[in-house]
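As structure tokens, the structure follows; a few thoughts come after it.
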Amino acid sequence: GIQVEQSPPDLILQEGANSTLRCNFSDSVNNLQWFHQNPWGQLINLFYIPSGTKQNGRLSATTVATERYSLLYISSSQTTDSGVYFCAVVEYGNKLVFGAGTILRVKS
Amino acid sequence: ETGVTQTPRHLVMGMTNKKSLKCEQHLGHNAMYWYKQSAKKPLELMFVYNFKEQTENNSVPSRFSPECPNSSHLFLHLHTLQPEDSALYLCASSQVRGSAYEQYFGPGTRLTVT
């Protein structure tokens with residue numbers, strides 16, 4: 001099956017800093033989603049981005065499907081950005097495969 | 001609020017108990033999913049229901065029994081669980097159209113098996 005690798009596994013930022021999270025996947029995908037999991041376990045949809053670039057406030061994402069990677073950019077980070085960021089892909093049908101996540105801590 | 005609700009939010013049960021987790025989606029979707037998130041492991045897909053029919057069972061032990069009575073409701077019936085089944089159980093839903101399957105998740109049920 002498809003493999004999804006996220007990097008870095010852990011990231012500590014000072015408030016106001018920018019960061020880039022990466023997601024590599026081993027095969028062609030029909031769907032790619034980025035999620036933020038808050039401390040209470042809720043998965044919040046950030047982007048549905050099988051290809052191209054999208055922006056939502058301080059967050060943006062780019063997926064280069066032909067090169068099998070996606071990037072999530074966080075600018076001017078805030079303490080509320082802390083949590084775990086997951087990339088998940090669909091190889092076929094509607095079976096979503098998750099990466100291991102990036103744990104982000106933003107310090108004030 | 002994502003439009004997907006789960007109850008209960010927390011559950012503690014003994015290994016001989018029988019309990020059920022409930023999920024309801026208010027998004028008009030036609031596919032629903034159960035995922036398991038254990039400590040230090042990636043989220044794992046357990047079951048998929050498309051149009052109320054189970055289309056995926058990801059080698060889940062029979063002590064987990066799903067039920068999808070309609071496209072808005074999904075249950076996970078639990079019996080004779082093991083301590084290693086303690087985890088966060090997440091429900092999700094999506095619309096199935098073409099190849100687009102953006103999934104939306106509920107808040108999860110944190111299960112502890114004693």
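Throughout, read-outs are computed from the coordinates displayed, never taken from laboratory work. Just so it is clear, the structure is predicted and the values come from calculations on it, not from any experiment. Please note: Cβ atoms are built from the backbone with ideal geometry, for glycine as well, and neighbour counts cover all protein chains shown.
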Partnerless Cys - chain B, beta-carbon criterion under 4.7 Å: B:Cys68
Show me the three semi-axes of the equivalent ellipsoid for the protein assembly as shown, from the C-alpha gyration tensor (sqrt of 5 times each eigenvalue), largest first, rounded to whole Å. 29, 21, 15
Please give me, ordered by residue number, the trypsin sites (Lys or Arg not before Pro) of the stretch B:25-99 that lie in loop per DSSP and have at most 11 other Cβ atoms within 10 Å. B:Lys40
Only bridges with both residues in chain A count here: give the DSSP antiparallel percent, nearest 5. 90
Average beta-carbon neighbours from other chains, 10 Å sphere, peptide A:85-96: 5
Between A:Glu67 and B:Val96, what is the label-to-label distance in nm when each label sits 7 Å out along the Cα-to-Cβ direction? 3.5
Rounded if a/c under 1.5, otherwise prolate or oblate - the stretch A:59-104, Cα gyration tensor axes: oblate
Mind giving me the nanometre distance, one decimal, between the label points for B:Asn70 and B:Met15, set 7 Å out from Cα along Cα→Cβ? 3.9
Fewest-first ordering of B:Met46, B:Met15 by Cβ atoms within 10 Å yields B:Met15, B:Met46
Compute the separation of the alpha-carbon centres of the stretch B:1-73 and the stretch A:30-108 and state it in Å as a whole number. 22
From the phi of every residue in the stretch A:24-29, what ³J(HN,Hα) in whole Hz does the Karplus formula 6.51 cos²θ - 1.76 cosθ + 1.60 yield, where θ is phi - 60° and glycine or proline is x? 10, 9, 8, 8, 4, 10
Within the stretch B:1-91, GluC sites (Glu not before Pro) in DSSP loop having at most 11 other beta-carbon neighbours inside 10 Å: B:Glu1
Loop-only chymotrypsin sites (Phe, Trp or Tyr not before Pro) in the stretch A:9-108, please: DSSP not H, G, I, E or B, and at most 16 other Cβ atoms within 10 Å. A:Trp40, A:Tyr92
Taking every residue of B:37-43, the Cβ atoms of other protein chains inside 10 Å of its Cβ average out to 4
Lysine pairs in the protein assembly as shown with Cα distance under 16 Å, only those 8 or more apart or on different chains: how many are there? 4
Let me make sure I get this right: for chain B, a, b and c are the square roots of the gyration tensor eigenvalues over alpha carbons, sorted descending. Under 1.5 in a/c it's rounded, otherwise prolate if a/b > b/c, else oblate. Which is it? prolate
How much of the DSSP beta bridge set in chain B is antiparallel, as a percent to the nearest 5? 90
Would you mind counting up the charge near B:Arg63? Only other residues with Cβ under 13 Å from its Cβ, with Lys and Arg at +1 and Asp and Glu at -1. +1
